[in-house]
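S.K.: My structure is below; once you've seen it, I'll send some questions.
The values are calculated or read from the model by the stated rules, or taken from the named source; none is laboratory data. This one's a predicted model, so the numbers in the text were calculated from it and none came from an experiment. Heads up, the Cβs are rebuilt from the backbone with ideal geometry, glycines too, and the neighbour counts pull from every protein chain shown. Each accessible area value is taken on the protein alone, full model and side chains, heavy atoms only, with ligands, DNA and RNA left out. Shrake-Rupley method; radii C 1.70, N 1.55, O 1.52, S 1.80 Å.
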Amino acid sequence: MENCIFCKIAAGEIPSNKAYEDDKILAFHDIAPQAPVHIVVIPKAHIAQSMNDITEENAAIVGHIFQCIPKIAAEAKLESGYRVVCNCGADAGQTVFHIHFHILGGKKLNEVMA
Ligand code: 5GP
Ligand code: ZN
């Protein structure tokens, strides 16, 4: 999709510090990390703007992302634990409207989630 930062990252038009990549998804380190390890996982294709657009047709890629997250977390040495976050919409502070999941870890995370 035009003017989508994450589509540009997926296409290599904007450089990123990659943590994992396969034919369907890309994981890269967040430019403004909110934890010692902060990785963003995206589908390469602009299949959905947010969680609200997940359908029977595109849910498989979300399943694939969740299947890969433990591998990405292990590679990032998050053996003591990590948190997966998906901001959906304005109240959650979503800023990039290409569905994505944050992996946060590398320290004992706040017990209060919101
Ligand atoms: P959201 O707030 O939409 O859930 O998360 C978007 C995330 O993308 C933010 O944590 C932000 O720091 C990150 N981000 C935005 N632009 C870039 C970029 O150009 N490169 C990288 N690596 N991360 C980005
Ligand atoms: Zn996009």
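S.K.: Quick one: which of 50-56, 107-113, 15-21, 26-32 comes out on top by average Cβ neighbours within 10 Å, and what's the full order, highest first?
M.R.: Averaged packing, sorted descending, gives the order 26-32, 15-21, 50-56, 107-113.
S.K.: Among the lysines, which fall within straight-line cross-link reach of Lys8, defined as a Cα-Cα distance under 24 Å, with same-chain neighbours fewer than 8 residues apart omitted?
M.R.: Leaving aside lysines fewer than 8 places away in the same chain, those within reach of Lys8 are Lys18, Lys24, Lys44.
S.K.: Multiply the residue separation of Cys68 and Cys88 by 0.36 nm, subtract the distance between their alpha-carbon atoms, and state the gained length in nm to one decimal.
M.R.: 5.1 nm
S.K.: Mind checking the angle between helix 59-75 and the chain's longest principal axis? C-alpha axes, 0 to 90 degrees, to the nearest 10.
M.R.: The helix 59-75 is inclined about 30 degrees to the chain.
S.K.: Once you sort the root eigenvalues of the Cα gyration tensor of region 72-114 as a ≥ b ≥ c, which label holds: rounded (a/c under 1.5), prolate (a/b larger than b/c) or oblate (the other case)?
M.R.: Since a/c reaches 1.5 but b/c is at least a/b, the shape of region 72-114 is classed as oblate.
S.K.: Roughly speaking, what is the stretch gain from Met113 to Glu56, that is 0.36 nm per residue apart minus the C-alpha to C-alpha distance, in nm to one decimal?
M.R.: Stretched out fully, the Met113 to Glu56 stretch lengthens by 17.6 nm.
S.K.: Taking the chain as a Gaussian network, Cα atoms linked when under 10 Å apart, which of His102, His38, His64 shows the biggest mean-square fluctuation?
M.R.: His64
S.K.: Got a number for carbon plus sulfur as a percent of the chain's accessible area, 1.4 Å probe?
M.R.: In the chain, the share of accessible area belonging to carbon and sulfur is 53 percent.
S.K.: Along the Cα-to-Cβ line of Lys77, 7 Å from the Cα, sits a label point; which residues in region 89-112 have backbone N less than 15 Å from it?
M.R.: Inside the label zone: 105-108.
S.K.: For every helix of n ≥ 4 consecutive DSSP H residues, a contribution of -39,500 (n - 2.57) applies; sum these over the chain, divide by its total residues, and give [θ] at 222 nm rounded to the nearest 500 deg cm²/dmol.
M.R.: So the calculated ellipticity at 222 nm is -6000 deg cm²/dmol.
S.K.: Starting at the first residue of region 20-29, write each ³J(HN,Hα) from the Karplus equation 6.51 cos²θ - 1.76 cosθ + 1.60 with θ = phi - 60°, in whole Hz, x for Gly and Pro.
M.R.: Values, residue by residue: 6, 8, 9, 5, 10, 9, 9, 10, 9, 6 Hz.
S.K.: With the contact rule set at Cα under 8 Å and sequence spacing of 6 or more, what percent relative contact order holds for the chain?
M.R.: For the chain, the relative contact order is 30 percent.
S.K.: Scan around Leu26 for amide H atoms under 5 Å from its own, H built in the peptide plane at 1.01 Å from N, and keep only partners 5 or more places away or cross-chain.
M.R.: Amide H neighbours of Leu26, under 5 Å, 5+ apart: Ile42, Lys44.
S.K.: Which whole-Hz couplings ³J(HN,Hα) result when phi for each residue of region 4-10 is put into the Karplus expression 6.51 cos²θ - 1.76 cosθ + 1.60, θ = phi - 60°, listed in order with x for Gly and Pro?
M.R.: So the Karplus estimates, Gly and Pro as x, are 9, 4, 6, 4, 5, 5, 4 Hz.
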